[in-house]
Each structure stands twice: as structure tokens, then as C-alpha cells.
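As C-alpha cells, the structure follows; a few thoughts come after it.
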Amino acid sequence: MTEMIGFADFFLDRFGIFLSALFVFIGVMSFIYALSTVREKGHRLELYIMLLLIVGSGVGVALTNNLLIMFIFWELSTLAIWRTVGYYREQDKIDASSFTFLINFAAAAVMLVGLIMLYLDNGTFNFFEITVFNNTAVIFILIGILAKSVTIPMHVWLVPAYNAVPSAIGGSLAGIAENLGVVLFLRLFTNGNYFDPTFFTTVAWIAVASSIIMGGAALLSNNLRTLLAYSTISQVGFILLGFAVGGQFGVAGGMLYILAHALAKSGLFYGVGMIEDATGKDDLSGLCCLLKVSPTLGVLMALLFGSIVGFFPMIGFWAKLWVIVSAVEYTAALGIGAIIAAVFTLLYNARFYHELFFAKQLTRLPKAKRPGYAGLTIVFILALVSLLLGIFFYLPHTYITGSGGY
Amino acid sequence: MQSMELYGLELYYWVLLLPIACGLLGFLINKLRSYFDFLAFVGTLYFAVHIFVRTRTEVVSEVIGTIAGIDFRIFLDGMAGFILLFIAIFAFLIWLYSLRSMSRVPRERVYYLYLTLTLSAANGVVVAGNLVFLLIFWNVLVFSLYGLFQVSRTGMDSSHAARKAVTIIGVSDYVLMLGIVLLFVQIGNVNFPVEHKILFTSPWLTASFILMLVGGLAKLGTMPLHTWIPESAKVVPASTLAFIPGSLDKLLGVYFLFRISYHIFDISSFMPLRILLMVIGAVTIVVMAIAALLQKDAQRLLAFSTVSQAGYMVLGLGTGMPIAIAGALFHMLNNTLFKSILFLSTGAVESRTKTTELDALGGLGAKMPFTLFSFFVAALAISGVPPLNGFFSKWMIYQGLIEMGNEFSLWFIFLICAMFGSILTLAYSMKLVHAVFLGERAKKFNKVREARFELVVPSFLFAVACIVFGIFARELPLGQLIIPSLSFPVGEIGFWIPGLATILIIVGLIIGLVIFLLGTAARPRTSSVFVGGEVLGDEEGRMTGDNFYSSLRSFGMLDKTLNFSEGGAFDFYNYLRGAAAGFAAVFKNVINRLVVVMYQSIGKLIRSLGTLTSFLHTGELYNYVGWVFIGGIVILLLLVF
């Protein structure tokens, strides 16, 4: 048996660099947005420290090749999520943060058992050298992955968490913390050492089911943040689907999807945060016609919604196309499932956008301030990056696929 | 494979990039917008003419990049050049029309941005020579459609129509995407035209063709994916209607169907698919024409009519006979011409009268002679009255159906449907002409003048094109545009000789006119209206055209069926939304609820365990000593055994 942890247990590959660059970018955006919007004085320092922890743990998970180090960063991020969700010290938010922490922690504990079983079988924590996979260990680790990367049936913590978290951190939550699970999946199971078609088929179907079911739930939700939460669960399903079916298109598609979803969802989170700040409402039934209040925000959010739905000039199009190609390559039925999930995505996003920015069902407009320029700038940058990456998508694509090895 | 450079950039880059670049600049620099837009539309027309001329003699095929095994390939043949040219012509004339009709409406800036974006994307669809590459531009069209439909007529809210359009087109785009991906996975890179046409040898190939067909039919707007067109007709300005559902979607839809049916697959080898296409076409023709007959709003009537005409194109493509395919393409061209006239002229009328309700209009012919002329020509052409262009293209489709008799014994059903549809078309066109331009004029319209120059000129040019394309059908549109762009020979076209027929018709008309002037017109019968002693004003006695054929409603179950369909009973969109909401309710309230309840019960279980153990903590010293004692014994026993 080799040592469990060494200082040299970090490595740089294209996936790691790509992911850590993305995480740091999302983190910086989150930080600037937090600076400009979190007015409350009291314990603001805590917020920034926790934000740094989220970004740092994301980078750590992306760059290590040691499962134990990965687990430590994993738990750090759980800790940071727990603190940020309960940042506003109101009872319901504290409850939400405890709930979040409990589920994440319990799943991580189960995962740790699985990791230790792998260690005992293989004598190493380095996931390149792990070749013996015990079925029980795999299932235990999968539970941890599903909980962190909110997928049915471990997704329940996300709705209360999104409802409680400050919108500045919400972007990082959507863009960084929720990707840790799929990153572990990519590192441990897709690196060529594990062959079990039943496992991958099962995970692919879980991902598709999660995507469809939560797309349906999003279609019926009225609360802005609940809707975003369901949407996130639905989109993470696509990432997991890409990684699970693998192949040339699957892995690249999953990576592109992480990129597209992180950019778009954090932008949407800030947009929703600005809408809440401007109108004081957090429910679709009380909101309408916001295009009159801020056309700029309307256009930017249209681009971000377009990226989530997968319309061409946005990077989301390529991500979705690649994942669907990989799914159809695997089995046509899986591809049909992915298309149904995509249709749900279109339906709930069309409804969301329509009711926010158009829909004249209210007799008078809600009172609204204009959103601040700092927030608008952040959303603008995120939308612009999504757009440019969509047009010049061969840049990230070439970078990802040049990585070899996988 | 020759280079097509002009001014330092390949021609296809010009038509792709110029419109959107100018559109963006115009959007940002509002003061110079009209100059940029001029550059965009005139420039695109210029380059499209160049491409058209070049593609008469040469074929351009160039791979501009390969990513993940997908060729991003440009392919320009005669067909593409022809479609590109007409897209540019229509865009240019629509822009000319919009200059007046859309000036100073709210969101005017956005309108032009999306117009240019639509133009770029449409050019992209035609330029692309690979299905995945084509899918990109196809996708942009959804985006631009949503934006364009948000620009409503003054005082109306078009956001619901926009959402409906984007949902139907978006969903069908996903279906198309699945079809393309399915084909890609089976046979690899799908560059078209393929060298050896794909035959329907496996069910998966058939499935991918049908999925792609759905995408093309939704774009073309045939039943049952048409419902966004009538929905938008009342709230979207005439220029948008004439551009998107009226002309552009027909061009692109037929282009795409033609490519997949004859350049990638070969449906003439597979009878069931041909019958499927023909059934869709025939049903669309008849049902939508009946629906058009009973409309009370001019734009809505035209919307149903445009769906009905799309049926002819699908019918023609479905026959698999070269002559009918050429006829379908010709009908596509003709339909874009006369449907643009009808939409734009209705818009011109609306610019003066502020309404398109047939009930309110009437008798405007004397006031708006130029509009009447174009409108009348278009109405005759759409009904297939010789010698106009609509007659000739329908004739070719009929001939194809008759030729099909050798292979398929039930061909006459389709022929009857097509001819019956033609009669219905004549009926609703005449209703429209009568209701808007003939009959008695309402008093408030006595001061109406001819519409502005910019609003009349595009329709007038189109009307001239309708006449020319009809009389010189063999020489001009067929000989120069359509037959050279087909990759197969088209047999002899019937015994119809347009030139001679025109002369005979003109002679006939003159004789008729002479008889009319000598006979009836000299002795009109006048009588005064008497109703219960009340003196009726002009307004009360006014006959409007909107009740033409309303007796049809009492025909069998037609009335109920129509009321049903007005209520959205046959609307694919409603079914889609209903099904989605139903499934979503199950997902959210049953499955998601179950998972949440599972977690809650785990929580309750833990809590009750805690409550149980809390009974052990009584706070009395003797109890604790007792527990320690019992525990010690248990440990001792464990150690011993």
C-alpha cells in the first residue's frame, strides 16, 4: 500500500485546467456581484470567505488525482454551502441550510465508505491506478455524486437551498459547487478503467429521468428560485448523461455542457436576483411586462435562456447537440428521452421568459426600480461570453478534445 | 471547384455576414440605421444575383472546417442560387415596404435587427451543404422568429402568438435535430447531395427521414403544425406576415423537403412515404381552404390560405414525378409572389382604414385602384385562373398526379382534392376581393386615398411578375430558374401553350366586354328599399362581404367542427401544452412528492428514535448507575464469548 496522501497528488490536464479556469471565472463574477449587491453590514466577511472556499474547493477537486484529497475539498464545499445558504439568519433559511448540510453530509459519509472500500481493494487513492471496482463501493460513491450534483433521488436539498441563498452566491452554487459530483464521475468512472455497461446504462437513464421529471416540475413552478432550482436539476441531468454514455461526443458534450450551464445559470441567477431587488417580488404571478422596466436585462436574459434551451448562437446549442449525438449513439431510446427533456426545457423556459417579460395579465405594472449597472454588467459579460463561445465554439472544443488519454 | 471571391471575400460569406453585420451596426448607431439597412438589403441582393449567375454554370462545394467529424461545408448549386436570389428579392421588397409601414412604431429598431438576422440565417440554410451545418442556421431562425413576432401591430399584444410560434417551431426543430442526429449516427457525415442516394433499407433510416420531414413540414406550415400562423395573423404587422409565413418559410421549407427527399434520400423508391406526403398535402389543401372561406378577418383568411397553398407543394413533392416536383417548386415561387401581394395589399388597406375586419371594409376599389389591380391579379393567380402563373404550376402538379396513375391506382382521389381545393381557393379569393374592394363603401372611408407609394410599389412589381411568369411560364421561370436547378430531366409539359392561350383569353374578354356594354350594363335595374315604412340610411343597407358562404356553416357537422377548431380543439400547440402540463403534474406532484415524503419519513424515523432514547435519560442517578451496570455485564459477556 502506498501513502494515502502525498503533496504531489495534484496534476494538470486539459480537463482540470478548463474546469478550474471556468470555476475561477464564475467565482470572480460572483464576487463582483456580491460586492455590488450585498448591502447588509454584519457578517459580510463570512460571505466572502465562503465564496472563496467554494471556488477553492472547486479548483481543488478539478486538479487532484487523489480521491481522499478530492473528498476533503468536497467536504469543504459542503461546509461553504451550509454557511452561505444560512447566511441570512432567518429561521426558515437556517432550516434550509441544515437540511442542505444534512443531506450532503450524509451522502458524503456514504461515499467515504465507498472510497475506503476502493482503497482497501486497490491499495491506492489515485484514480488512475484504481482498477478493481467493488459493486457496493461503486453504488456508495454514486450516492455521493448524485447528492452533490443534484440528481433524482438525491436532489431535494436544492429547492430550499436556492430559496435561501443570497443571489450573489447562488451563481457560484449553480456554476461551481453542483459540478463537483459530475467531475468526480468523469475522473473516476470515465477514465477507461471501469467497464460495466449496466452501470453506465443505469446512470444514463437516471440522468434522463431526472432531466425529464424536473423539467416537468419546472414547468409548473411559479416561484422564481424554485424554478431555477428545478431547471438546474434538469440541466445537470444532461451533463451526467453525456459523461455516462461517454465516447467522443459524450465527454466533450458533458464538458461543454458544464461550461454552458455554468455561464447561463449563474447569469440567470443574477438576473433573477436583480428582478427580486427591483420589484420586491419573487413569484411569477406577481410579475409581468418587465421588458418595459429594463429592456437591457430582457435582451441579456433572452440570450441566457437561449443558451439553456440550446439555440444556436449560444454555446448551449453545441453542448446539447453533442450530448444528444452521444445519447443516440448509445441507444436511440436514450436519444428520444434526451429530446423529450429538451422539449420540456424549451417549454418551461418559454413560459418563464414570457411571463417575466411580457404577459399582460396584471392590471397594473408592478412597481420597480431600474436594476443597477454593476449587476447588469456582470450579466452582460456572462451573456457575451456564452455568445462568443457559441460562435467560436471550436476554441473550447479543440481544447477539450485535445486532451487525449480519455 | 472555383473560388467565388468578390471584394476580397467569398460570395457566400458576403450573403451570410453582410445582413447581420449591417443590422447590428444599424441597431447600435440608430441615426445611421437607414443607411446600414439599405446596405444590408441592397448589398445582399447584389451578391445574391452574383451567386445566381455563377451557379448557372458552376457548382461550389467547399469544406470550411471539420470539427468532430462534422464537415462545415458550403454547397452552392443551381437550386441554392435560385432560392438565394428569391430570398434576397423578397427581403429587399419587404424592407422597402417596411420603410413606410413600420416607421415610428414601437420597437422599430428591434424589427430591423431581427429582419437582418432572419435574412442572414435564411441565407445560411441555403448555403449550407451539410445537415448539421444547416441545423445551426435553422436554429437561428427560431430565435429571430421570436424577436420578429414580438414587434406587434400598434395597440396589440403579440407576445402570446410569439410564444406559440416559438414553441411549435422549436419543438419541431428538436424533432428535426433528432432525425439529423439519427442519420449522422448511422451513416456518418451527411453532406448533400449524396453520391448514392440513401434507400429506406432499415426502419431507423425511415425513422430519421420522417423526423426530418416533421421539421420541414413545420417550417412550411402544413397541418397539423400550422396553428401558429392564423394565431399570429391578427397581431403581427403585414410585412412580417408576408415575409415569414408568406414567403420565406415556403422557400426554405420546400427547399429543405426537396433536398432531403431527392438529394439525400430518394422517396420515389418508397411508396408509403410518398402516399404519406400526398395525404398530408391533400388534407391540408381542402381543410384549410374551407377554414379560409369562413374567416371574417382579411389577414386571418390569408393565413389559412397560405397554409392551404403549402399543401399543393407537399402534394407535388410527394408524387415523386419530375414534372410535379418542378410544379411544386414553381408553385412555391408563385405562392410567395401572390401571397406577398395579398398580405402587403391588405396591409396597405389597413394603413388607410386601420382595420382588416371584412365586415367594416368594402368598396375601396375606386379609391385605391393600384392596390386593387395588384390584389385582383394575385387573387386570380392564386385561384389558378389562366393565363396567370398559379394556373401553370397547378397544372403541372395535376399532370404529375395523372402520370402517377401507372404506379398508384388511387391517384384520382388526390387529383380531385387538389382540384376541389382550387375551386375553394377561387371562392375565398373572390370573397376577399368583393369584401375589401367591391360592394358598398362605408361612409367613414369616403376620404380614403391610395396608400403611400412605398406600400404600393412592392405589390405592383409582384403583380407584374405574376402576369409575366404566367404568360412566359415555359421560357422564364421554368426554363431559366426551375428546370436548370433540378438535377433530373423534366418530361414534356402537357399541351398547354401559355402564349396562344393568353391571346385567346384576351380576345374572349374583349368579346365579353362588348356584349356586357351593349347588353346588361345599358339597362341596370334600380328599385328603392322599403322596410316597414322606415327610411333606411346608406349604412344600414350596406352589404358587406364577410357573410359570403356563411350558409356553409349549416352544412352537416361543419358548424360544430369549426367552432371546435376556433376553440383550439385541433390545435397541436394546445395538445402539446396539455400533455406537457399533465405529465409535469404527475412528475411534480407524484414522483417528486414521493421522494420528498421519503426524506421526511426518514427524518421522522430518526426523530422518533431520538425520542425513544430520550426516555432512557431520566436524569436520576440510580437509573444511570443501573445502565452502567447492565452495560458492563453486556461487555463482559461479549468479551467472554
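The values are calculated or read from the model by the stated rules, or taken from the named source; none is laboratory data. If you're wondering where the values come from, they're calculated on a predicted model, not measured in any experiment. Cβ atoms come from the backbone with ideal geometry, glycine included; neighbour counts cover every protein chain shown.
Scan the stretch B:222-231 and give yes if some residue there is over 13 Å from the mean Cα position of the chain (by Cα) and either buried (at least 19 other Cβ atoms within 10 Å of the Cβ) or at positive phi (or both), otherwise no. No, the stretch B:222-231 has no match at all.
Only residues that are crowded, with 24+ Cβ neighbours inside 10 Å, over 14 Å from A:Leu240 (Cβ atoms) and out of contact with any Gly (no Cβ under 6 Å at 6 or more places or on another chain) were counted across the stretch A:173-211, and they come to 4. All conditions but one from (1) away from chain B (no Cβ under 12 Å); (2) at pLDDT 90 or above; (3) closer than 23 Å to A:Tyr162 by Cα apply to A:Phe243; the one that does not is (3). Residue count for the stretch B:28-79 satisfying the condition of being within 14 Å of another protein chain (Cβ to nearest Cβ), out of contact with any strand residue (DSSP E or B) (no Cβ under 8 Å at 6 or more places or on another chain) and modelled with pLDDT of 85 or more: 1.
Restricting attention to the stretch B:129-152 and to residues that are under 19 Å from the mean Cα position of the chain (by Cα) and in a loop (DSSP other than H, G, I, E, B), the residue that is farthest from the other protein chains (Cβ to nearest Cβ) turns out to be B:Val151.
Determine, yes or no, whether A:Met214 is within 14 Å of another protein chain (Cβ to nearest Cβ), crowded, with 24+ Cβ neighbours inside 10 Å and farther than 30 Å from A:Asp277 by Cα. Step through it out loud before you land on a result.
Numbers: within 14 Å of another protein chain (Cβ to nearest Cβ): yes; crowded, with 24+ Cβ neighbours inside 10 Å: yes; farther than 30 Å from A:Asp277 by Cα: no.
Criteria not met by A:Met214.
Could you look through the stretch A:352-383, keep only residues that are within 9 Å of another protein chain (Cβ to nearest Cβ) and crowded, with 22+ Cβ neighbours inside 10 Å, and pick out the one that is modelled with the lowest pLDDT? Explain how you work it out, then say what you get.
Filtering the stretch A:352-383 for residues within 9 Å of another protein chain (Cβ to nearest Cβ) gives A:353-354, A:357-360.
Add one more test, that the residue is crowded, with 22+ Cβ neighbours inside 10 Å, and what stays is A:353, A:357.
Values: A:Tyr353: 90, A:Phe357: 85.
Restricting to residues being within 9 Å of another protein chain (Cβ to nearest Cβ) and crowded, with 22+ Cβ neighbours inside 10 Å, the top hit is A:Phe357.
The requirement of being closer than 22 Å to B:Asn335 by Cβ, under 23 Å from the mean Cα position of the chain (by Cα) and touching a residue at least 24 places away in the same chain (Cβ under 8 Å) is fulfilled nowhere in the stretch B:398-413; no residue meets it. Output the residue which, of all residues in the stretch A:217-240 that are away from chain B (no Cβ under 14 Å) and farther than 23 Å from A:Ala327 by Cα, is farthest from the chain's Cα centre (by Cα). Residue satisfying both the conditions and the ranking: A:Leu224.
Taking the stretch B:153-174 on its own, how many of its residues are over 20 Å from A:Cys289 (Cα atoms) and at the interface with chain A (Cβ under 8 Å from one of its Cβ atoms)? It would help to see each step written out before you state the result.
Restricting attention to the stretch B:153-174, the residues satisfying the condition of being over 20 Å from A:Cys289 (Cα atoms) are B:168-174.
Next, only the ones that are at the interface with chain A (Cβ under 8 Å from one of its Cβ atoms) stay: B:170-171, B:174.
Here the count works out to 3.
So which residues in the stretch B:288-303 are in a helix (DSSP H, G or I) and surrounded by fewer than 23 Cβ atoms within 10 Å (Cβ to Cβ)? B:Ile290, B:Leu293, B:Arg300, listed by residue number.
Tell me which residues, restricted to the stretch B:431-453, are surrounded by fewer than 17 Cβ atoms within 10 Å (Cβ to Cβ) and not basic (Lys, Arg).
From the stretch B:431-453, those surrounded by fewer than 17 Cβ atoms within 10 Å (Cβ to Cβ) are B:440, B:443-444, B:446-447, B:449-450, B:452-453; that's our starting set.
Hits for the stretch B:431-453 are B:Glu440, B:Asn446, B:Glu450, B:Phe453.
Just one of the listed residues (B:Gly124, B:Gly179, B:Gly155) is in a loop (DSSP other than H, G, I, E, B) and not charged (D, E, K, R), namely B:Gly155.
Scan the stretch B:106-118 and give yes if some residue there is buried (at least 24 other Cβ atoms within 10 Å of the Cβ), closer than 22 Å to A:Thr345 by Cβ and in contact with a Phe, Trp or Tyr (Cβ under 9 Å, 6 or more places away or on another chain), otherwise no. Checked against the condition, which is being buried (at least 24 other Cβ atoms within 10 Å of the Cβ), closer than 22 Å to A:Thr345 by Cβ and in contact with a Phe, Trp or Tyr (Cβ under 9 Å, 6 or more places away or on another chain), the stretch B:106-118 yields no hits at all.
Residue-by-condition table, conditions (1) at pLDDT 75 or above; (2) more than 20 Å from B:Ala292 (Cα to Cα); (3) not in a helix (DSSP H, G or I):
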{"residue": "B:Leu415", "(1), (2), (3)": "yes, yes, no"}
{"residue": "B:Ser429", "(1), (2), (3)": "yes, no, no"}
{"residue": "B:Lys447", "(1), (2), (3)": "yes, yes, yes"}
{"residue": "B:Val457", "(1), (2), (3)": "yes, yes, no"}
{"residue": "B:Gly470", "(1), (2), (3)": "yes, yes, no"}
{"residue": "B:Pro484", "(1), (2), (3)": "yes, yes, no"}
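So the check is Cβ under 7 Å with 6+ separation or different chains; which pairs have a first residue in the stretch A:297-321 that's within 15 Å of B:Tyr146 (Cα to Cα) and within 10 Å of chain B (Cβ to nearest Cβ) and a second one that's in a helix (DSSP H, G or I) and basic (Lys, Arg)? Short answer, once both residue conditions are applied: A:Gly310/A:Lys320. Check the stretch B:266-276 and report whether any residue there is surrounded by 24 or more Cβ atoms within 10 Å (Cβ to Cβ) and touching a Phe, Trp or Tyr at 6+ places or on another chain (Cβ under 7 Å). Checking the stretch B:266-276: not a single residue is surrounded by 24 or more Cβ atoms within 10 Å (Cβ to Cβ) and touching a Phe, Trp or Tyr at 6+ places or on another chain (Cβ under 7 Å).
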